[in-house]
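This report concerns only the one structure given below.
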Amino acid sequence: MLLLATVGILLLAINTEDVKEPGDYMYGIVLDAGSSHTAMFIYKWPADKQNDTGIVSQHSECHVKGGGISSYMGKRGEAARSLEVCMEKAMQDIPKARHQVTPLYLGATAGMRLLNMSSPKESDGILKEVEEKLKSYPFRFKGATILTGQEEGAYGWVTVNYLLENFIKYGFVGHWLSPGKETVGALDFGGASTQITFETKEKVEDKKNLMTLQLYGRNYSIYTQSFLCYGRDQMLRKLLAHLVQSQGTEGPITHPCYPAGHNVSRTLSSLFDSPCTAPNKPTPFNGDQQLHIVGSGNHQDCLGNTSQIFSFTSCSYSKCSFNGVFQPNVAGKFMAFSAFYYIYNFLQQATKITVTSPKQLEEAAITVCNMSFQEMLKEVPEQRSRLQDYCAATVFMQVLFLKGYGFDPNSFSRISFQKK
């Protein structure tokens with residue numbers, strides 16, 4: 001989940017009762033429990049509101065050490081303990097007189113959605129212990145929940161447009177004004193899922209993809225879709241599981257998306273312990289068996305294999321993106337963030353190509369897939385631990401944006417890549 005999407009949670013969740021206290025500012029705490037880590041954001045807003053929606057700004061933040069809360073499966077109490085340092089910071093950062101009226105939320109995303117699929121008891125246990133921990137602080141606890149993919153997509157979209165002042169801006173005469181601007185679509189790429197959300201005038205044929213939001217006195221109808229297992233970490237697993245399925249487990253696995261000659265070893269259990277890869281699990285299965293993976297650095301083979309983790313054949317609607325999911329034509333400007341930004345930024349550094357068109361994305365993908373590990377390391381030394389995955393991630397973006405979402409040269413040029 002985009003860390004900034006926590007603004008969206010507050011914009012859609014704060015109640016009138018939370019802003020009626022006297023004084024300059026009210027505060028809200030949101031814990032964004034993503035698949036790879038948890039971050040805490042403290043927001044503040046004036047005690048008055050504009051058309052029942054608060055004007056929110058960030059007050060402070062804190063990044064929880066360790067993995068996401070789903071990584072504490074089987075380690076009772078550790079998920080709750082991991083939050084203590086950041087919660088103590090919240091105690092210091094928010095005026096004591098405001099503690100009891102400060103709403104506190106925890107929103108868990110795709111990592112916990114996956115855990116809930118594979119081990120619902122573990123998932124419930126982690127949420128319960130986290131809830132008990134958060135209730136022990138003097139804030140107004142509002143819940144710890146696993147967000148649906150659609151909610152995650154909607155929060156990201158709200159945040160992007162809020163920060164761009166597409167909903168409201170401060171006028172020079174000291175009043176909040178509605179700028180009447182078009183909204184911007186949101187493209188999010190987390191660790192376990194990816195989201196696309198945008199306003200559309202077309203009929204949304206699958207009602208699961210339609211959300212209606214009210215913000216600053218206006219109604220917005222948006223299309224939103226979250227693809228579980230298509231986040232960066234899980235997509236890389238799906239790709240490797242596909243290669244194992246097609247090549248077998250006896251000899252070394254040739255990975256066309258790894259740099260040529262690059263060697264990696266991992267156990268079968270570390271690859272197939274996710275609901276995203278379980279359908280590809282080989283039989284018989286020995287979880288302790290070591291997989292030896294050797295890179296071949298071949299863009300065309302990487303593209304062919306990456307395309308195999310998508311399904312473009314079945315569609316029961318007038319049009320689909322992939323896996324039988326309805327999607328209207330992309331429209332308007334888009335902002336791509338989270339891991340999309342990091343891929344874009346890496347390509348700029350490593351290949352010297354600034355991606356603004358499908359052709360440039362393909363050129364950058366071919367270039368990075370042809371680079372050796374040492375060549376990449378020379379250009380971007382601080383990314384050593386992730387270098388082996390950039391060819392696959394770039395090719396995935398190529399398939400997702402162009403074949404999946406249907407961006408053409410004209411619509412692709414309207415995507416901006418932003419860190420925040």
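All of the numbers you see were taken from the coordinates with simple rules; none came from a lab. Note that the coordinates shown come from a computational prediction; the quantities given were computed from them, not determined experimentally. Neighbour counts are summed over all protein chains in view; Cβ atoms, including those assigned to glycine, are modelled from backbone coordinates with ideal geometry.
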- So for segment 253-370, using the alpha carbon gyration tensor with a ≥ b ≥ c as root eigenvalues (a/c under 1.5 gives rounded; past that, a/b versus b/c decides prolate or oblate), I'd call it oblate
- Task: Could you work out the relative contact order of the chain, using alpha carbon pairs under 8 angstrom and six or more residues apart, expressed as a whole percent?
- Result: 13
- Note on the structure: So, over other residues within a Cβ distance under 13 Å of Gly66, counting Lys, Arg +1 and Asp, Glu -1, the net charge is +1
- Residues with amide H under 5 Å of Gly143's amide H, sequence separation 5 or more or different chain, H placed in the peptide plane at 1.01 Å from N; which? Leu106
- Under 28 Å Cα-Cα from Lys359, which lysines qualify once same-chain neighbours fewer than 8 residues away are excluded? Lys238, Lys319, Lys333, Lys378, Lys403, Lys419, Lys420
- Message: If I stretch the segment between Ser36 and Gln92 completely, what's the gain in nm (0.36 nm per residue apart, minus their alpha carbon distance), one decimal?
- Response: 17.6 nm
- For each of Glu78, Glu202, count neighbouring Cβ atoms within 10 Å of the residue's Cβ, then give the residues from fewest to most. Glu202, Glu78
- Task: Enumerate lysine pairs in segment 32-124 that are 8 or more residues apart or on different chains, then count those whose Cα atoms are under 25 Å apart.
- Result: 9
- Item | Dipole-positive endmost among Gly185, Ser311, Gly66 within the chain (Cβ charges, Cα centre) | Gly185
- Item | Farthest positive-ward along the chain dipole, Cα basis, beta-carbon charges - from Pro103, Leu387, Leu268 | Pro103
- Query: When the chain is treated as a GNM, springs tying every alpha-carbon pair under 10 Å, which of Gly324, Gly190, Gly231 comes out with the largest mean-square fluctuation?
  - Reply: Gly324
- Taking the Cα centre of segment 212-364 as origin, work out the dipole magnitude from +1 charges on Lys and Arg Cβ and -1 charges on Asp and Glu Cβ, in debye rounded to 20. 540
- Item | Ellipticity estimate at 222 nm from DSSP helix runs (n ≥ 4, -39,500 (n - 2.57)) divided over the chain, nearest 500 | -9500 deg cm²/dmol
- Message: As an exercise, find the ratio Rg/Rh for the chain from alpha-carbon atoms, using the Kirkwood inverse-distance average for Rh.
- Response: 0.98
- Roughly how big is the chain's charge dipole about its Cα centre, with Cβ charges of +1 (Lys, Arg) and -1 (Asp, Glu), in debye to the nearest 20? 220
- Query: Which residues' amide hydrogens lie under 5 Å from the amide hydrogen of Ile253, considering only partners 5 or more residues apart or on another chain, with H built in the peptide plane?
  - Reply: His292, Ile293, Val294
- Query: Given H placed on each backbone N at 1.01 Å, which residues far from His59 in sequence or on other chains put an amide H within less than 5 Å of it?
  - Reply: Ile42, Tyr43, Lys44
- Exposure rule at most 15 other beta-carbon atoms within 10 Å, DSSP loop chymotrypsin sites (Phe, Trp or Tyr not before Pro): the chain longest free segment: 1-171
- Message: Give me a comma-separated list of calculated 3J(HN,Hα) values for segment 218-229, in order, Karplus coefficients 6.51, -1.76, 1.60 applied at θ = phi - 60°, integers in Hz, x for any Gly or Pro.
- Response: 10, 9, 10, 9, 10, 8, 9, 9, 10, 9, 5, 6
- Query: Within segment 40-145, which trypsin sites (Lys or Arg not before Pro) sit in a loop by DSSP and count at most 13 neighbouring Cβ atoms inside 10 Å?
  - Reply: Lys65, Lys75, Arg76
- Charge dipole of the chain about the Cα centre (unit charges at C-beta), most positive-ward option of Thr148, Gly28, Ala339: Gly28
- Karplus couplings for segment 148-159 from phi (6.51 cos²θ - 1.76 cosθ + 1.60, θ = phi - 60°), rounded to Hz, Gly and Pro as x? 6, x, 5, 4, 4, x, 5, 4, x, 5, 4, 5
